[in-house]
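The next block holds one structure in the form of structure tokens; read it before the comments.
The values are calculated or read from the model by the stated rules, or taken from the named source; none is laboratory data. Just so it is clear, the model here is predicted, and its values are computed rather than measured. In this analysis, Cβ positions are derived from the backbone assuming ideal geometry, glycine residues included, and neighbour counts consider all displayed protein chains. Only protein heavy atoms, including side chains, enter the accessible area calculation; ligands, DNA and RNA are left aside. Shrake-Rupley method; radii C 1.70, N 1.55, O 1.52, S 1.80 Å.
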Amino acid sequence: MTLGMNYYAVRAIYLYEMSRTARTLFQSVVSPVISTSLYFIVFGAAIGSRITQIEGVSYGSFIVPGLIMLTLLTQSVTNAAFGIYFPRFVGTIYELLSAPVSPFEIVLGYVGAAATKSIVLGGIILATSALFVPVQIDHPLWMFAFLVLTAVSFSLFGFILGLWANSFEKLQIVPLLFLTPLTFLGGTFYPTSVLPPFWRTVTLFNPLVYLISGFRWSFFGIADVDVSVSLAMTLFFLVICMAVIWWFFETGYRLKN
């Protein structure tokens, strides 16, 4: 952002984090692809045979955006959280903090790598989906915009989780007990319009509903909530995460103790 930015440091952090993908290829890429394939096989056989279409879209195609978002959210959080937690765990975080690297450059390197990996994986999941069902994208630019904004936002959230956690167990609490259930309840496999009025109102308090709805709109032009609201909620979450990270570095919370 400024002429004084240490691009060498950002590049070093970014490339190091990206290299972890090659070392954990099965966990990072192969496993999500296999999981997505199983979702299509199981849900396609169990539900797809009973629900032929949803708002003019075949059920198999309808769940594609939700499956991409499910993978995108979990991978963004996990990659970013582990990326910053491991230096804290082994103590190398102090070398990073004492180096001529600003907090913005640290965040840019770690979050940029986590978001990049998630976006690439989202593309792979999309390509995998095309092997099972026909995929249409009515608004490709908006699809990419939602993909990038969501990946960056939840990579920032994962960075916060990695700073907050003081054990490997805590790294798993949020993704397993909160993020994945909220994703499943956020319209991944069904439109919220099929729910009774009371429960549909309850789902509006689930922030992931807005992300999944906006992303699905970019594919088929159908949404559970207005796309402008989805975009606003995504940007709001992004700003909140940036503010929390700024507070972490400003106060030194979990960084110096």
Sole miss for ASP224 among (1) closer than 21 Å to TYR59 by Cα; (2) assigned to a helix (DSSP H, G or I); (3) open to solvent by 10 Å² or more (accessible area, probe 1.4 Å) is condition (2)
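Which residue is most open to solvent (accessible area, probe 1.4 Å), if the candidates are limited to the stretch 1-35 and must be among the β-branched types (Val, Ile, Thr) and at pLDDT 80 or above? Even if it seems obvious, please write down each step before you answer.
So the first thing to find is which residues in the stretch 1-35 are among the β-branched types (Val, Ile, Thr), and the list is 2, 10, 13, 21, 24, 29-30, 33-34.
Still in the running and at pLDDT 80 or above: 10, 13, 30, 33-34.
On the way: VAL10: 19, ILE13: 20, VAL30: 55, VAL33: 32, ILE34: 82 Å².
Restricting to residues being among the β-branched types (Val, Ile, Thr) and at pLDDT 80 or above, the top hit is ILE34.
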If we ask which residues in the stretch 65-95 are more than 30 Å from VAL135 (Cα to Cα) and open to solvent by less than 30 Å² (accessible area, probe 1.4 Å), their number turns out to be 7
Six or more apart or on different chains, Cβ under 7 Å: which pairs go from a residue in the stretch 235-247 that's within 20 Å of GLY214 (Cα to Cα) to one that's open to solvent by 60 Å² or more (accessible area, probe 1.4 Å)? Could you list them?
PHE237/PRO207
Filter result (among the small types (Gly, Ala, Ser), touching a residue at least 12 places away in the same chain (Cβ under 8 Å) and open to solvent by 20 Å² or more (accessible area, probe 1.4 Å)) within the stretch 97-120
ALA99, SER102, GLY112
With the condition kept exactly as written, say whether any residue in the stretch 172-195 is in contact with a Cys (Cβ under 9 Å, 6 or more places away or on another chain) and either under 22 Å from PHE220 (Cα atoms) or aliphatic (A, V, I, L, M) (or both).
no
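Look at VAL174 and say whether it is surrounded by 14 or more Cβ atoms within 10 Å (Cβ to Cβ) and at pLDDT below 85.
On the way: surrounded by 14 or more Cβ atoms within 10 Å (Cβ to Cβ): yes; at pLDDT below 85: yes.
So VAL174 passes the test.
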Residue in the stretch 143-166 that is under 20 Å from GLU55 (Cβ atoms), at pLDDT 95 or above, in a helix (DSSP H, G or I) and out of contact with any His (no Cβ under 6 Å at 6 or more places or on another chain) present
yes
